[in-house]
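The values are calculated or read from the model by the stated rules, or taken from the named source; none is laboratory data. None of the values given here were measured: they were computed from a predicted structure. Neighbour counts run over all protein chains shown; Cβ positions are idealised from the backbone, glycine included. Remember, those area values only see protein heavy atoms, side chains included, never the ligands or the DNA or RNA. Shrake-Rupley method; radii C 1.70, N 1.55, O 1.52, S 1.80 Å.
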Amino acid sequence: MRLGKQLAGLALAMALPCVAYAIPQDSPKQDMKDAGHATKNAAKDTGRATNNSARRAGHKTKTTSKKAAHKSATKTRHGAAKVEQKTQP
């Protein structure tokens, strides 16, 4: 019994300092620093997302423009061929 009480007391004595370190006690200054870092990281993420969206939009515009130009050129050639056939004697 005596050994059990000693072990219980020893376990309690060892656990007490761990509990004191487990509870974070940030100062207001550290809270402001953390908020600043979080804001900075959020701005970086937003910038990356904007960059990615702009790149995708630019690529889509470029491919659509090329497709429209090719289609217009094909229709122009087709129309020119029809006119040429009609004007031949």
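At a glance:
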| quantity | calculated |
| --- | --- |
| Only one of Thr50, Thr87 that is open to solvent by 90 Å² or more (accessible area, probe 1.4 Å) and at pLDDT 75 or above | Thr87 |
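Here's the yes/no breakdown for (1) at pLDDT 85 or above; (2) out of contact with any Gly (no Cβ under 6 Å at 6 or more places or on another chain); (3) in a helix (DSSP H, G or I):
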position	(1), (2), (3)
Leu7	no, yes, yes
Met14	no, yes, yes
Cys18	no, yes, yes
Asp26	no, yes, no
Ala43	yes, yes, yes
Thr64	yes, yes, yes
Lys67	yes, yes, yes
Ser72	yes, yes, yes
Thr76	yes, yes, yes
